[in-house]
Ligand code: GH3
Ligand code: MG
């Protein structure tokens, strides 16, 4: 569940293979909501992943992937599992209602529907979703800096890694570490050190421009960025920009051996769109493709190399 500022207008996705039904629901919510529409199951899944609606109104019977399957797949993907689903169906029998609820739907609405009842039910679910989002966001934030914590990063990384394998898209990570930070603490005190980490975190966060990008505190004075759909060239561009922005904060660091201000070193690693299997150590084994752990390990290796090469640098490579 990506953390975002609460939308001013809640986002609703209406899914129905009959455009006339979509239109009928659209009229009910046109005022005060941001509406997305889909007429096929596959389309509904991709809109959910990219737009992160606050609620899905889902037709059960559709050609190809039906509503039950859409619901099941939404629940299976960590990026969409918290989006509530309300089934809208013409055939409200006990068996299908039970199945829908067991698949994780929060409510059922029968067609033809009463607009006032639909509005009221949707409002209830949106209130519950907003409360749940708030609770989840607290569990996912780093206490010192207010950006995402490592736990949230690890979950998102896993989800984005799997998506990038499925959809054959690139994926990059950056590891960022404050240079000579022990000396900073020793010179200016721990409280100033904490203040510095907050400024650096905020600077890294605001350097990310795409909604799917994510910055997190990985531990101590180390940060990470997750960059879906980004190749090495894009990741290095961003790394240099973040490094420059941190320098531009102009936080005095008179004991740094690399600059008179706070700087960071960065290691990048990019998973290309298509992964090729690596040669195994033991000749008898099947070749195994590199893993998510390899991606992080390599980014860490490039960070280490950037430190050795003098700090205040970004180095990277492909997986
Ligand atoms: P390098 O350039 O090689 O990264 O050197 P460094 O001094 O930054 O790295 P080192 O790992 O030796 O020291 C990291 C320091 O960061 C030590 C630790 O006290 C400090 N630190 C870690 N977490 C926090 C924190 O939450 N607040 C403060 N103020 N300091 C922290
Ligand atoms: Mg450091």
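No value in this document is a laboratory result; all are computed from the given coordinates. Only a predicted model underlies this, so the values are computations on that prediction, with no experimental measurement involved. Cβ coordinates were reconstructed from backbone atoms using ideal geometry, including for glycine residues, and neighbour counts include every protein chain displayed.
For the chain, take the longest principal axis of its alpha carbons; what is the angle in degrees between that and the long axis of helix 19-29, to the nearest 10 within 0 to 90?
70 degrees
With a cut-off of 8 Å between alpha carbons and a minimum separation of six or more residues, what is the relative contact order of the chain in percent?
14 percent
Based on alpha-carbon positions alone, could you give the equivalent ellipsoid semi-axes of the chain from the gyration tensor, as √(5λ), descending, whole Å?
44, 24, 15
Under a 10 Å cutoff between Cα atoms, tell me which one of 193, 41, 64 has the largest fluctuation in the Gaussian network model of the chain.
The residue that fluctuates most here is 64.
Nearest 500 deg cm²/dmol is fine: what mean residue ellipticity at 222 nm does the chain get from its DSSP H runs of n ≥ 4 alone, each adding -39,500 (n - 2.57), divided by its residue count?
-14500 deg cm²/dmol
Counting DSSP beta bridges in the stretch 187-319, what percent are antiparallel, to the nearest 5?
The antiparallel proportion sits near 60 percent.
Regarding the stretch 11-140, what's the average projected area of the Cα-atom convex hull, expressed in nm²?
Averaged projected hull area, Cα only: 7.5 nm².
How much of the DSSP bridge set in the stretch 36-151 is antiparallel, in percent, rounded to the nearest 5?
Approximately 10 percent, going by the DSSP bridge assignments.
Contour minus end-to-end for residue 191 and residue 76, with contour as 0.36 nm per residue of separation and end-to-end as the Cα-Cα distance?
37.1 nm
Could you sort the peptides 219-229, 135-145 by per-residue average Cβ neighbour count (10 Å cutoff), highest mean leading?
In descending order of packing, they fall as 219-229, 135-145.
On a 0 to 90° scale, report how tilted helix 232-248 is relative to the longest principal axis of the chain, with both axes built from alpha carbons and the result rounded to the nearest 10.
For helix 232-248, the angle is close to 60 degrees.
Among 234, 100, 32, whose mean-square fluctuation peaks in a Gaussian network model of the chain (Cα, cutoff 10 Å)?
Sorting by GNM fluctuation, first place goes to 32.
Once you've got the GNM for the chain with C-alpha springs shorter than 10 Å, pick whichever of 150, 210, 81 has the biggest mean-square fluctuation.
Taking springs between Cα atoms under 10 Å, the residue moving most is 210.
How big is the antiparallel share of DSSP beta bridges in the chain, given as a percent to the nearest 5?
50 percent
Relative to the first principal axis of the alpha-carbon coordinates of the chain, what is the inclination of helix 67-76, with its axis defined by its Cα atoms, in degrees from 0 to 90 and to the nearest 10?
The two axes meet at around 20 degrees.
For the stretch 150-318, take N as its residue count and report Rg(C-alpha) divided by 2.2 N^0.38 Å.
1.09
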